[in-house]
Amino acid sequence: MQLCMGEGYQATPVATPEMLLAQPKTNVDLILMVLEGHGRSLDLCGEVRTMEAFRSASIMLIAPTPSEPEQAAAALLAGADDYCSFDQRFRCELRARIRVHLRNKRMRDA
């Protein structure tokens, strides 16, 4: 969240996945999900992808550590549009990926 706010984006944190599913908002451009070790994030990604309210939003799964190729593939196959790490070494890449997703959303909406 601090990363988004620091870049000037409006961000709304959601405490639990159930809150996201229970109160879908139609004006969401990008959903950032932290990848959890037990796979719930992948299941949630699939659920969110099927919801009409989030149909036009990009979903980015973010791992706390650099990913293995299998993790990235699983995230993409689960419905994520992108996958990145929020490890300090990848902050520049994460910022760029967020900007690209938001730029693409603006272009699709125009």
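The values are calculated or read from the model by the stated rules, or taken from the named source; none is laboratory data. Bear in mind the structure is a predicted one, so any value in this text is a computation, not a measurement. Cβ sites come from the backbone with ideal geometry, for glycine too, and all protein chains shown count toward neighbours. All accessible areas refer to the heavy atoms of the entire protein, side chains included, with ligands and DNA or RNA removed. Shrake-Rupley method; radii C 1.70, N 1.55, O 1.52, S 1.80 Å.
Results, tabulated for the structure shown:
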quantity	calculated
Segment residue 106-residue 10, extension gain: residue separation times 0.36 nm, minus the distance between their alpha carbons	33.1 nm
Ranked by how many other beta carbons lie within 10 Å on average, peptides 10-18, 70-78 from highest	70-78, 10-18
Gyration tensor verdict on the range 60-110 (Cα atoms; rounded if a/c is under 1.5, prolate if a/b is larger than b/c, oblate otherwise)	oblate
The chain, dipole about Cα centre (Lys/Arg Cβ +1, Asp/Glu Cβ -1), debye to the nearest 20	480
Å² per residue, accessible surface of the chain at 1.4 Å	63
Rounded to whole Hz, the Karplus (6.51, -1.76, 1.60) HN-Hα couplings of the range 66-83, x for glycine and proline	x, 8, 8, x, 5, 5, 4, 4, 4, 5, 5, 5, 6, x, 5, 8, 7, 8
Carbon and sulfur %, accessible surface of the chain computed with the full protein complex present, 1.4 Å	55
Extension gain, residue 76 back to residue 95 (0.36 nm per residue minus Cα-Cα distance, nm)	4.9 nm
Listed peptides 102-109, 51-58, 89-96 by packing density, highest first (mean Cβ within 10 Å)	51-58, 89-96, 102-109
Proximal charge balance of residue 89 [Cβ under 15 Å; K/R count +1, D/E count -1]	+1
